[in-house]
Amino acid sequence: MRKFFQFTILLVLLAMGSRTVASEKSVPAFNIRLEGVRLDYPGFEHWAEIERPDGKHIWAFAIYLGKDKWSVPVRTDVTGTYRLLRVERRQGDKREENVLTTNSQRQLEVEEPWKAEPKLAEQPLVEGGTFTTFFAAEEPWCVNDHTFVQGPDKMWHLFGITHPKKLEFDKDPGRQLAHATAETLLQKPWKAQPFALTRDWEKYREFLLWAPYVIRHEGTYYMFVCVGDPSDHSRYRIHLLTSTDLKDWTRSPDNPMVVDGFDGRDPFVMRVSDQWVLYYTANSTPECGNHIVACVTSKDLVHWGNRKVAFMHPRAGSFGGPTESPFIVRRGDNYYLFVCDNEWTDVYLSHDPFHWDFGQKNTRIKSHASEIVRDTDGKWYISHAGWTGGPLDIAPLQWHDGLDDAPTNILPAEK
């Protein structure tokens, strides 16, 4: 198991006008300004050292609010006066002190205690097995973020981002969707099919086609896919297409479903109680900021609203980041959030499908843009995309949470 340091996490998500960044209110926070911070790739984490009333020192990460403004929430069970001592920028093992402006708040009164979230699990509850290749696109093409779904005849279908290697964004950022089929999930290799879709900017305002996710509901297949924007990364759009056979797709007249940034993308949809939830990756402001998993809800899979932030990472930047390709697995009362951080998939645990805390990281798996899928025998699998340099792989996914018979959103494939 890969060990990682456990910090005292004092995270609360704040409200930013109509763009909700938290479900809790009145959580005390330092309001600060940092000089000379660049929010671009690959991004940095900004952590504040804070002195508690009892003299102990704790660390909390800063949240970017826009225009050099940051917030450092203090969620603690100790009341009294807190002092912000300094803020440091972190990238891996590198540490560098940030420059606080003179008008930054240095003292904070905490009048009401906040109960800390207990650690939900001390040991990894899920692990990936050995990956083997099941599909490789014809050269020079590659496949990145993808989705699995069974057709009406139980044939397996895969749709995914595709573009020539290596990626040259200005020439082809991903203008078609790859399509492959198989009679069984573990068939090797899957059979390549013609492109499933090609973007159409003039007619549908589709600049690209990224990270499709397909679900079937009442005999109709719903594909959610990022279509981007040619000039504004703060207004990337997620569109909906529907089909009855996974061959002919109809664009929804209600598009876009979501407009968000930076590069709002990578949709995932699941049912929670009496509503649908669409999760996707974005940032704490549409222009840049902390990498987040946002979500919106719907009753009909077409009209979406009530935006929330389900997860926030300490790293702040623009494109890329550690919250890509969100995928949620429910197993009983456990909700596992799988998010991609370059060549790793981090797994966070929560009992709330609308909130995961950075301190509840359970494990990580060596994989990129992973999807979770089950075969006809109920066995679990995780996929891995080679991104711009390799094929698609698949590996067994093993659970150690004792919840194999508990309710789940990922059902076995149909025989």
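So the values come out like this:
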item: His217 versus Lys379: modelled label distance in nm, points set 7 Å from Cα along the beta carbon direction; result: 3.2
item: Filtered trypsin sites (Lys or Arg not before Pro), the stretch 317-381: DSSP coil and at most 16 other beta carbons within 10 Å; result: Lys366, Lys379
item: Estimated Rh, the chain: Kirkwood, alpha-carbon pairs, angstrom; result: 22.2
item: In Å², nearest 10: area of Phe338 left accessible to a 1.4 Å probe; result: 0
item: Whole-number D in µm²/s for the stretch 102-156 (Stokes-Einstein; Kirkwood sum over Cα pairs; 25 °C, 0.890 mPa s); result: 129
item: GluC sites (Glu not before Pro) lying in DSSP loop within the stretch 181-224, provided at most 12 other Cβ fall within 10 Å; result: Glu183, Glu218
item: Projected-area average for the stretch 307-355 over all orientations - Cα convex hull basis, square nanometres; result: 3.7
item: Listed residues Leu278, Leu197, Leu177, most fluctuating in the chain (Gaussian network, C-alpha, under 10 Å); result: Leu197
item: Of Thr132, Thr81, Thr297, the one that fluctuates the most in a GNM where the chain has Cα springs shorter than 10 Å; result: Thr81
item: Three-way shape call for the stretch 123-185 based on the alpha-carbon gyration tensor, with the a/c threshold at 1.5; result: oblate
item: As computed over the stretch 220-297, the Cα convex hull volume per residue (Å³); result: 94
item: Sparse-neighbour loop sites [trypsin sites (Lys or Arg not before Pro); the stretch 54-115; at most 16 other C-beta within 10 Å; DSSP]; result: Lys56, Lys67, Arg106, Lys115
item: Ratio Rg/Rh [Cα only; Rh per Kirkwood] for the stretch 282-415; result: 0.97
item: Global geometry of the stretch 151-199, whether rounded, prolate or oblate, following the gyration tensor of its Cα atoms and the 1.5 cut on a/c; result: prolate
item: Viscosity 1.306 mPa s, 10 °C: Kirkwood-radius Stokes-Einstein D of the stretch 184-340 over Cα pairs, µm²/s; result: 97
item: Part-to-part distance (alpha-carbon centres) for the stretch 228-262 and the stretch 131-161, which is given in Å; result: 20
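The values are calculated or read from the model by the stated rules, or taken from the named source; none is laboratory data. Here the structure is a predicted model, which means the values were calculated and not measured. Glycine also receives a Cβ, built like all others from the backbone with ideal geometry; neighbour counts cover every protein chain displayed. The area values use the complete protein model at the heavy-atom level, side chains included, leaving out ligands, DNA and RNA. Shrake-Rupley method; radii C 1.70, N 1.55, O 1.52, S 1.80 Å.
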